[in-house]
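Structure, as structure tokens:
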Amino acid sequence: SSSSSSSSSSSPSSPSFSSSSSSYRSAFSTSSASSSTPPPSSTPAASAAVSPLRRDYKAGASDRWTGVPAMIRLGESAETKEDVEKARAILKSQLRNGELKESFLCNMFLKVCATAGDTAAAVETYEEMLRKGINPTNKTFGKIIQCFAKHGDIESAKQWADERERRIDDKMTSMATRTYISNMLIEACAKAGDLESAESVFKKMIDEGIRPDGITLSSILGVCASVPDTVRMEYWIKQMRQLGIEFDKVHYVHVTHAYAEAGMVSEASEWVKKCDEAGCSLDQGVYSLLIKGHAKNKNAAEAKRIFKRMEMEGIVPDQIAYHSLMKALVDTDDTKGAEELVETMRARGVQPGSVTYGMLILHYAKIGEDEKAAAVLARCREDGSTLPVTSYTSILKCYGQLRRPEMAFQWLKELQNDGLVPDNSISTAIVHALVNVQRFEEAERWLETFRSESLASSTLTVNADAYNMYILGLSRIGAIEKARETLQMMDHHRIEANEFTYFALIRCCAHKRRVEAGLAFEYLQEMKNKGLKPDVFTYSQVVNAYAKIGQVERVEALVQEMYANDIQPSVHTYTMVLSGIKNSMLEQKEAEERILDLLKSMKERGVPPNMRTYNEALRALRQFKAYESARKLFLDAMENKERFDSYTLEAIKHIPGLERFSLLMKKRLGMLDRGRRKTPRENTKEQINRKQRQHAARDAEAELLEGIRNYRPN
């Protein structure tokens, strides 16, 4: 008794659940007193001939909720605390009868706890077993570990596995049992989505000579699918096949689910074919993810095909499937299909919901169908649904991009009619709609109104988002003083500026109408002093400001500072550096060397130039009359399969050896008469013949490039 009490005190800790241990103790306390009394039976011979378990099965035929059969049923289907209470009553009755082994009955009850996920009942039962001197078995620990695994409690599951190793010698444990325990630990990792812990459990299995099985693979693939991590999943598939584990239907479904969850639709589709060949049936979740993936890729035809297959297999689509299909339809401008889908949902008794209605309203807003958008909102309200604030935000942003602030204010009223309170996202969308049409005074009044209303609200706190949008609008017209006043206003009202605030301020200083490079650098230093970290976009705007006034040394110093702060300059940053060289007063030879060295440095640092970079470099070389380097650079761009555009042809038209290429390409691509407004008929003809001209230009391109290679200046 001393050993059992000491071991019970050292048992692993478990989460605190509201459960009284007295009820479990009462179940055990009656067993010892009643074990000496013979079981009730009509004749001694009958009780000796029929085993207690079989007799309980026969008794269970008349009353399905009594005896061992009821315990077995609960072990397969228990879900609630009430089911555990029923099983506890049966346990108490069976222990009182004393016909079956106590450890057998306790393990049956632990199976009910594992199925229902009742960790408190499982731990109490284990402690009571120790107090009564009942030796726990592998099945005891297996069910307790399974109970914690159902909740994804990895630490507790590992503690109980360690407890099993302390109490039971592995030499007395079969390989199947050891595999089962390890699989339960991996299942706990799967529930928690912890792939690293699952892999460590598997490594321990291999080190201890435990043989993994198909369930092991299924659990690990399940973790990979929940993360999702398709690279690790492919590795584990290879490992398991080397161990001789064959794929079954569950494995196929897990792999398909992982690819679909990761948005790798083509790979998921390939595994769907493999599932079909293996005779696997996909579940509702996989189909919904496939539709979601095709919607993300704007492939409405494939999304509709998967949806139809779902229905043909008798699987009822869930809300995710309907929402994903709606997204695919509206993203591809399939208005008719979107309308039919809503009618189909209503005909089937499926509530479209606010998300589906919101997507349809947003689609109507984008195509200018304001009346239809209002009609869908009215139907949404009739169904008892209310659009979420996120849907209203998307609609307001849409009207802001379309430069229709009046409609944005109209939908703001609809939001208020639904009893919703505008938040920071709504305020930002309103400011965006106003500054897009340069109505800055109205935007400023709205900011003040929104701030005043927030003071009266206990749940709303104004952040910098709307002010950032206002400053960003000012940066488009170079209103530096107004932007500075806005920053001061934010400081006065204790609205904390963030990284985007300073990005917009610096962008304002780099406007072409008025460049204030020194002020941009001051803002950069100010944000650093406040503990804000400038990113590549903020640095690029400071580089742009200095590049426009031709201060190459400051530009290059900023690029070096970016590298010192572990910030990788983008191709756009390097393009601005080339612009700075072009605007500088450098000598021809020095400028040419800097341009070529910069392009070489870009390639060495893993930032390949794009056509915009080449265009800027060609303009700079043309300005410094480095024609030979310009010709070589153009040929290098063509060899890198860069497609030239109208800016390229403008950049090379005054470079000797490239003028003919520019002229003929413009002629073949129809760029020579762009200044004249064309009639609708001419535009239609232009669209029809555009591809033909492009093909003709590509055919002539090779011959012209060969002429450039062989060009020799007079």
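If Leu100 satisfies all but one of (1) at pLDDT 85 or above; (2) not charged (D, E, K, R); (3) not in a helix (DSSP H, G or I), what's the number of the condition it fails?
Of the numbered conditions (1) at pLDDT 85 or above; (2) not charged (D, E, K, R); (3) not in a helix (DSSP H, G or I), the odd one out for Leu100 is (1).
Take the range 427-444 and flag every residue that is surrounded by 18 or more Cβ atoms within 10 Å (Cβ to Cβ) and closer than 14 Å to Met407 by Cβ.
Residues satisfying the conditions are Ala429, Ile430, His432, Ala433, Leu434, Asn436.
Can you give me the number of residues within the range 498-554 that are part of a loop (DSSP other than H, G, I, E, B), within 17 Å of Ser475 (Cβ to Cβ) and of a type in the set (Lys, Arg)?
Going residue by residue through the range 498-554, those that are part of a loop (DSSP other than H, G, I, E, B) are 498, 510-516, 530-535, 549-551.
With within 17 Å of Ser475 (Cβ to Cβ) added as a condition, the list becomes 498, 510-516, 534-535.
Of the ones still in play, those that are also of a type in the set (Lys, Arg) are 512-514.
Number of matching residues: 3.
Output the residue which, of all residues in the range 285-306 that are farther than 18 Å from Pro228 by Cβ and of a type outside the set (Gly, Ala, Ser), is surrounded by the fewest Cβ atoms within 10 Å (Cβ to Cβ).
Our first condition is that a residue be farther than 18 Å from Pro228 by Cβ; within the range 285-306, this holds for 298-306.
From what is left, the residues that are of a type outside the set (Gly, Ala, Ser) are 298-299, 302, 304-306.
Numbers: Lys298: 12, Asn299: 18, Glu302: 17, Lys304: 18, Arg305: 14, Ile306: 27.
The qualifying residue surrounded by the fewest Cβ atoms within 10 Å (Cβ to Cβ) is Lys298.
Without any contact (Cβ under 8 Å) to a residue 24 or more places away in the chain and either buried (at least 23 other Cβ atoms within 10 Å of the Cβ) or within 28 Å of the chain's Cα centre (by Cα) (or both): which single residue out of Tyr467, Tyr523 fits that description?
After ruling out the rest, the residue left standing is Tyr523.
Any residue in the range 512-520 that is open to solvent by 10 Å² or more (accessible area, probe 1.4 Å), without any contact (Cβ under 8 Å) to a residue 40 or more places away in the chain, in contact with a helix residue (DSSP H, G or I) (Cβ under 8 Å, 6 or more places away or on another chain) and among the β-branched types (Val, Ile, Thr)? Before you say what the answer is, go through the steps one by one.
We begin by selecting, within the range 512-520, every residue open to solvent by 10 Å² or more (accessible area, probe 1.4 Å); these are 512-516, 518-519.
So of that shortlist, the ones also without any contact (Cβ under 8 Å) to a residue 40 or more places away in the chain come out as 512-516, 518-519.
Narrowing further to those that are in contact with a helix residue (DSSP H, G or I) (Cβ under 8 Å, 6 or more places away or on another chain): 512, 514-516, 519.
Subset that is among the β-branched types (Val, Ile, Thr): 515.
Yes: the range 512-520 contains one or more residues that are open to solvent by 10 Å² or more (accessible area, probe 1.4 Å), without any contact (Cβ under 8 Å) to a residue 40 or more places away in the chain, in contact with a helix residue (DSSP H, G or I) (Cβ under 8 Å, 6 or more places away or on another chain) and among the β-branched types (Val, Ile, Thr).
Do any helices (runs of 4 or more DSSP H) entirely within the range 160-233 hold 1 or more residues that are open to solvent by less than 50 Å² (accessible area, probe 1.4 Å) and more than 30 Å from Thr125 (Cα to Cα), and if so, which?
Filter on the range 160-233 gives 195-207, 214-226.
Just checking, which of Ile495, Ile477 is within 30 Å of Lys397 (Cα to Cα), more than 34 Å from the chain's Cα centre (by Cα) and assigned to a loop (DSSP other than H, G, I, E, B)?
On the way: Ile495 fails: more than 34 Å from the chain's Cα centre (by Cα).
Result of the check over Ile495, Ile477: Ile477.
This table checks each residue for (1) over 19 Å from Ile549 (Cα atoms); (2) in contact with a Pro (Cβ under 6 Å, 6 or more places away or on another chain); (3) open to solvent by less than 30 Å² (accessible area, probe 1.4 Å); (4) modelled with pLDDT under 90.
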residue: Asn565; (1), (2), (3), (4): yes, no, no, no
residue: Ser579; (1), (2), (3), (4): no, no, yes, no
residue: Gln588; (1), (2), (3), (4): no, no, no, no
residue: Ile595; (1), (2), (3), (4): no, no, yes, no
residue: Glu604; (1), (2), (3), (4): yes, no, no, no
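Restricting attention to the range 385-406, report how many residues are more than 30 Å from the chain's Cα centre (by Cα) and either without any contact (Cβ under 8 Å) to a residue 24 or more places away in the chain or open to solvent by 10 Å² or more (accessible area, probe 1.4 Å) (or both).
Total meeting the criteria: 3.
Being free of Cβ contacts under 8 Å to residues at least 24 places away in the same chain and among the aliphatic types (A, V, I, L, M) narrows it down to one of Leu532, Leu487, so name that one.
Leu487
Of all residues in the range 307-323 being in a helix (DSSP H, G or I) and under 13 Å from Gly353 (Cβ atoms), which is most open to solvent (accessible area, probe 1.4 Å)? Talk me through it step by step, then tell me what you get.
Kept after step one, since they are in a helix (DSSP H, G or I), are these residues of the range 307-323: 307-312, 319-323.
With the extra rule that they be under 13 Å from Gly353 (Cβ atoms), the set shrinks to 319-323.
Numbers: Gln319: 76, Ile320: 91, Ala321: 0, Tyr322: 4, His323: 44 Å².
Once the filter is applied, the top-ranked residue is Ile320.
Closer than 20 Å to Lys653 by Cα and touching a Gly at 6+ places or on another chain (Cβ under 6 Å), is that true of Arg612?
no
Among the residues of the range 109-128, are any more than 22 Å from Asp83 (Cβ to Cβ) and open to solvent by 10 Å² or more (accessible area, probe 1.4 Å)?
Looking through the range 109-128, none of the residues is more than 22 Å from Asp83 (Cβ to Cβ) and open to solvent by 10 Å² or more (accessible area, probe 1.4 Å).
The values are calculated or read from the model by the stated rules, or taken from the named source; none is laboratory data. Remember, it's a predicted structure, so these values are computed and weren't measured experimentally. With ideal geometry, Cβ positions are generated from the backbone for all residues, glycine too; neighbour counts draw on all protein chains shown. We work out accessible area using only protein heavy atoms, side chains counted, and drop any ligands, DNA or RNA first. Shrake-Rupley method; radii C 1.70, N 1.55, O 1.52, S 1.80 Å.
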